[in-house]
Amino acid sequence: MIGRLNHIAIAVPDLDAATAQYRDTLGAEVSAPQSLPEHGVTVVFVNLPNTKLELLEPLGEGSPIAGFLEKNPAGGMHHICFEVEDIAAAAAKLTADGARVLGDGQPRTGAHGLPVLFLHPKDFNGTLIELEQAETGPR
Ligand code: CO
């Protein structure tokens, strides 16, 4: 079911500093910041030859990554994102197999304008997993 690794997300306490580090010290191409109020984060994407990194900074009150950064003040790996061809079919299979889809269980529009959902980390070896509808899948 899962396809390409779309991105690895890292929560950061200071997005400008993290952007400068990836761009200037590590020599990567970093996108402009994108505010996603409905997800409570501001993101940039670090474009690598074979995948992307998503650097996340909290945005607004009650950001879903605020608690994570309290526990990990220096930042840390927050989630990994795999592409799936059909996110509705993926959600149905995961739920039938007993995995917990976070939120109301319905895909939401993610940072790339494509439907995404998140799976409970306790069901996947302590790793928060994001699934994103592949560009080629049903829309
Ligand atoms: Co993500």
Report task. Might you tell me the accessible area per residue for region 2-133, computed with a 1.4 Å probe and given in Å²? Result -> 53 Å²
Report summary line: Residues whose built amide H sits under 5 Å from the amide H of L36, excluding neighbours closer than 5 in sequence, are V41, T42, V43
Report task. In square nanometres and to one decimal, what's the mean projected area of the convex hull around the Cα atoms of the chain? Result -> 8.5 nm²
Report task. Quick one: accessible surface of K93, probe radius 1.4 Å, all protein chains present, in square angstrom to the nearest 10. Result -> 110 Å²
Report summary line: With all protein chains present, region 2-133 has a carbon and sulfur share of its accessible area (1.4 Å probe) in percent of 54 percent
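The values are calculated or read from the model by the stated rules, or taken from the named source; none is laboratory data. Because the structure is a prediction, the values reported are computed rather than measured. When the accessible area is computed, the model is the full protein with side chains, heavy atoms only, and any ligands, DNA or RNA have been set aside. Shrake-Rupley method; radii C 1.70, N 1.55, O 1.52, S 1.80 Å.
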